[in-house]
Amino acid sequence: MKDNLQLNSEGKLKHFLSIEGLPKELLTEILDVAESFVGMTDQQIKKVPLLRGKTIVNLFFENSTRTRTTFELAAKRLSADVLSMSIATSSTSKGESLLDTIRNLEAMFVDMFVVRHAISGAAHFIAQQTAPHISVINAGDGQHAHPTQAMLDMFTIRQIKKEFSNLRVAIIGDILHSRVARSQIQALNTLGVPEVRVIAPKTLLPAHVESLGVSVSHDLNAGLKDVDVVIMLRLQKERMTSALLPSESEYFKCFGLTEEKLKIAKPDAIVMHPGPINRGVEIESKVADGPQSVILKQVSNGIAIRMAIMAMAMQKQGVM
Amino acid sequence: MTQILIKNGHRIDPVNKLNSVGPIYISGGKIVSVTSEPAGFTPDTMIDAQNKIVCPGFIDLSTRLREPGQSRKATFKSETEAAASAGITTLCLQPDTSPVIDTPAVAELIKELAKKADYPQIYPIAALTRQLEGTELSSMLTLKQAGCIAVGNANHPVRNLLILRRAMEYAVSHDLLFMFRPNDYWLGNNGCAHEGAFATRYGLPSIPEAAETIALAQCLELVELTGCRVHFGQLSCRRSVIKIYQAKKYGLQVSADVAIHQLHLTENNMIPFDSNYHVLPPLRTEEDKQYMRQGLASGTINSICSDHQPHDIDAKLGAFPETEPGMSSLETLLPLMLKLVAEGVITMEQGIASLTANPARVLRIDSGALTVGFNADVCVFDPELEWQVNAENWKSRGVNTPFWGQTFKGRVTHTLQAGKLIHSLESGNH
């Protein structure tokens with residue numbers, strides 16, 4: 001992958017578009033930098049002046065609450081000026097208008113774009129087209145990547161499990177449409193997790209999914225055996241109307257995570273979910289709110305991870 | 001009467017089993033001799049083709065020149081210049097112009113545009129169904145009489161098999177060739193990349209081989225039912241080659257072509273999110289490519305087309321799935337064919353036949369050979385001449401090619417269409 005687009009000539013982060021093409025050392029550095037921000041968020045004054053005077057624009061072409069809010073908070077805690085824009089878009093909107101939006105904002109002396117878009121490759125496209133001094137952070141593009149989510153998940157896993165090299169991780173649900181899963185799989189593999197499993201019906205798995213470096217199971221009971229980390233994915237309602245699944249109840253019966261099924265995993269297994277949760281569809285409340293759930297921890301960690309990534313992408317401008 | 005002598009060239013004409021150095025005498029737009037000088041022959045123009053190959057002009061079974069309707073992308077003038085510089089002397093035009101080629105008026109407009117561009121040998125393919133909507137038959141006979149060489153539905157689906165059956169039966173009644181790119185619209189699911197490891201990695205909506213092979217298999221059944229003469233265009237995968245092989249062996253009257261880029265590129269060559277690799281059918285696997293190559297070598301696939309689709313810059317500027325599919329590919333047709341020869345996939349004769357005699361046979365036209373009495377459609381090329389794909393050498397308005405910047409071997413030096421010199425590299429083009 002020509003993801004050198006993400007790195008400058010010294011191998012430092014310039015854009016953060018996908019996990020692919022980033023070395024283990026860089027991912028570890030992100031986790032370490034995020035670590036240093038975690039303590040800070042508990043303090044009375046939750047700000048550092050790292051990005052003072054910088055302008056960050058959150059460009060959300062697709063709805064999001066959690067991701068946009070954590071990006072906004074992260075930017076504010078780095079003392080940047082933040083502008084969040086929700087841009088209504090339709091599947092027919094063309095690259096021209098996307099490019100025009102970018103050009104216009106560029107003309108306002110922006111330093112960073114945080115982009116979410118419904119089309120795979122949108123963040124790459126913006127990174128290629130934008131002025132060289134501007135950094136682009138991918139906050140989710142189509143079914144391609146959601147690398148900051150994956151990194152906050154890695155951060156949460158490391159916080160609790162300490163090491164990656166002895167873990168079994170299962171990702172359960174709609175892998176086909178999930179940019180989160182794609183980025184998680186790449187991050188887990190890069191960080192040295194020896195076994196990543198995906199568990200889903202065949203209709204929700206992309207072709208040749210094993211080529212991503214995972215093993216495949218269509219059976220939750222078998223797939224959960226001995227795993228340390230259980231990652232549940234959100235199931236969109238429209239999967240039922242497009243003949244990918246018969247019903248929510250049948251899905252829950254086969255792939256929904258219940259207390260009982262969770263017992264198949266290791267006793268100290270943690271349960272993760274990128275949110276928002278469909279209670280009673282992919283996960284029952286008892287598990288989502290139970291002692292093994294780290295779902296809210298993920299949300300808190302999202303701020304530190306996004307602070308780390310934004311600060312690191314600005315290194316080329318003399319930050320850090 | 002203008003007389004032209006092409007001398008000292010290495011003539012390769014698979015139809016007439018010509019593979020030797022010698023002259024070609026042209027008079028009044030026709031080939032008059034390839035052996036001895038006809039009595040009273042005094043050439044007005046002499047082309048020295050020493051160390052060059054002289055072959056019939058190329059016949060391209062699938063092109064889009066973007067006129068009428070999309071002249072912001074390209075024009076007859078720009079694209080016929082590109083075609084001439086690439087040794088192509090006959091072009092078949094897909095019906096998805098705007099307006100669609102479903103009335104004689106549009107067919108005549110195309111003839112008119114062709115004449116104006118000084119490149120008359122352009123054959124429109126008539127829409128199989130009105131407006132390409134896949135529901136009602138077009139006036140095929142009227143369109144044939146207006147100069148359409150075949151019928152087809154471009155990339156548009158025919159609503160159901162009953163309509164397809166009736167359209168094919170109606171085409172048979174008027175002895176019309178049906179040019180069909182097999183693609184099941186529903187299985188295609190608005191995809192933009194091959195359903196494989198690449199699309200999975202980059203989260204791209206994908207198209208399985210079955211979208212092509214199921215449509216192909218259905219059409220083969222209808223060939224048997226209706227007796228329609230079908231040419232399958234722009235095939236892309238292993239199982240399509242096998243199906244065509246079996247159908248031919250079984251005695252069905254079918255033929256097939258492949259777009260030149262499918263013989264060279266696979267999903268592995270794609271630069272992630274580079275819209276120049278966005279084509280339909282999508283670039284498939286290495287195995288598919290090898291089967292397409294073997295299919296060509298064995299004659300199962302008898303023709304190579306350019307599948308030329310020039311675009312304006314904006315059409316390719318965007319996130320990959322949102323960009324328009326297609327490559328500008330007239331000018332890389334010959335060098336990419338020669339690359340197949342250099343790689344030992346096919347012989348030079350086979351390569352030339354796949355661009356000349358074979359498509360002529362598909363279309364049933366008196367062309368694609370250096371036969372005495374035929375229109376003098378001739379291509380002279382230097383197989384050793386290197387050139388770079390760059391702004392200086394490129395003629396098409398569409399610069400949407402993944403080969404931009406690459407250096408190729410083999411360049412056309414002269415092109416004659418019906419005895420008229422429509423391209424000469426020396427005459428200062430460059």
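No lab work stands behind these numbers, since they all come straight from the coordinates. Since we're looking at a predicted model, the values are computed, not measured. Glycine also receives a Cβ, built like all others from the backbone with ideal geometry; neighbour counts cover every protein chain displayed.
The residues neighbouring B:R284, those whose beta-carbon lies less than 13 Å from its own, together hold a net charge of -3 under the Lys/Arg +1, Asp/Glu -1 convention.
State which helices in chain B qualify, where a helix is a whole DSSP H run, it must extend 20 Å or more along its own axis by its Cα atoms, and its mean Kyte-Doolittle hydropathy must be at least 0.5.
Values: long enough: B:209-226 (25 Å, 0.82).
Answer set is B:209-226.
Measuring against 18 Å, Cα to Cα, the residue pairs B:K144/B:K248; B:K73/B:K115; B:K77/B:K111 contain B:K144/B:K248; B:K73/B:K115 as the ones spanning a longer distance. Start at zero, step by 5 Å, and the Cα-Cα distances of segment A:21-159 spread as 2, 9, 18, 21, 22, 15, 8, 4, 1, 0 percent across the bins.
In this structure, the amide hydrogen of B:I47, modeled 1.01 Å from its nitrogen in the peptide plane, lies closer than 5 angstrom to those of B:L5, B:I6, B:K7, counting only residues at least 5 positions away or on a different chain.
Looking at segment B:56-363, what % of its DSSP beta bridges pair antiparallel, to the nearest 5?
Working: 1 of 27 bridges.
Counting DSSP beta bridges with both partners in segment B:56-363, the antiparallel share is about 5 percent.
222 nm [θ] for chain A, helices only, -39500 (n - 2.57) per DSSP H run of 4+, per residue, to 500? Mind dumping the intermediate values first?
Details: 12 runs with 117 residues, N = 320.
Only helices count here, giving -10500 deg cm²/dmol.
In order along segment B:367-376, the phi-based Karplus estimate (6.51 cos²θ - 1.76 cosθ + 1.60, θ = phi - 60°) of 3J(HN,Hα) comes to 7, x, 8, 8, 7, 4, x, 6, 3, 7 Hz; Gly and Pro are listed as x. Sorted largest first, the spans of the alpha carbon positions of chain A along the three principal axes are 54, 44, 35 Å.
I want to check a number: in segment A:1-83, how many lysine pairs have alpha carbons closer than 14 Å, given a sequence separation of 8 or more or different chains? Walk me through the numbers on the way to the answer.
Details: A:K2/A:K14; A:K12/A:K24; A:K46/A:K76; A:K47/A:K76; A:K54/A:K76.
Lysine pairs meeting both conditions in segment A:1-83 amount to 5.
By DSSP, the beta bridges lying fully in chain A are antiparallel in about 5 percent of cases. When the convex hull of its Cα atoms is viewed from all sides, segment B:56-363 shows a mean projected area of 14.0 nm². Evaluated with a Cβ-only charge set (Lys, Arg +1; Asp, Glu -1), the protein assembly as shown carries a dipole of roughly 800 debye about its Cα centre, given to the nearest 20.
If the viscosity is 0.890 mPa s and the temperature 25 °C, what Stokes-Einstein diffusion coefficient in µm²/s follows for the protein assembly as shown when Rh is the Kirkwood radius over Cα pairs? Roughly 86 µm²/s, to the nearest whole number. Which one of B:H194, B:A107, A:M272 has its Cα pushed farthest toward the positive end of the charge dipole of the protein assembly as shown, where Lys and Arg give +1 and Asp and Glu give -1 at the Cβ? Positive-most Cα among the choices belongs to A:M272. Here the Kirkwood formula puts the hydrodynamic radius of segment A:77-236 at 17.4 Å, using every distinct Cα pair. What you get for segment B:56-363, charging only the Cβ of Lys and Arg (+1) and of Asp and Glu (-1), is a dipole of about 480 debye around the Cα centre.
Between segment A:124-170 and segment B:1-75, how far is it from one alpha carbon centroid to the other, in angstrom? Value for the Cα centre distance between the two parts: 59 Å.
Note on A:113-123: average number of Cβ atoms from other chains within 10 Å of each residue's Cβ is 4.
How large is the convex hull of the C-alpha atoms of segment B:211-264 per residue, in Å³? Write down the numbers at each step before the final one.
On the way: hull volume 3.6 nm³, N = 54.
Cα convex hull per residue, to the nearest whole number: 67 Å³.
List the aspartates and glutamates whose alpha-carbon lies under 16 Å from that of B:K116, not counting same-chain residues fewer than 8 positions away? Excluding near neighbours in sequence, the set is B:E67, B:E79, B:E81, B:E108. The alpha-carbon atoms of segment B:356-430, seen along their principal axes, cover 40, 28, 24 angstrom, with the largest extent given first.
Stokes-Einstein D for segment A:147-298 at 25 °C, 0.890 mPa s, Kirkwood Rh over Cα pairs, in µm²/s? For these conditions, the coefficient is 162 µm²/s. Computed from Cα positions, the angle between helix A:66-77 and the longest principal axis of chain A comes to roughly 40 degrees.
Can you give the translational diffusion coefficient of segment B:83-234 in µm²/s, computed by Stokes-Einstein from the Kirkwood radius over Cα pairs at 20 °C and 1.002 mPa s? For the chosen part, D equals 131 µm²/s.
A straight line joining the Cα centroids of segment B:315-394 and segment B:127-196 runs 25 Å.
Centroid-to-centroid, using Cα positions, segment B:235-273 and segment A:1-80 are 46 Å apart. Bridging of A:K225 to aspartates and glutamates at a Cα separation below 13 Å is possible for A:E195, A:E260, A:D268, once same-chain residues fewer than 8 apart are set aside.
The H on the amide N of B:F232, modeled in the peptide plane, is under 5 Å from the matching H of B:F180, B:S255, B:A256, B:D257, each at least 5 residues off or on a different chain.
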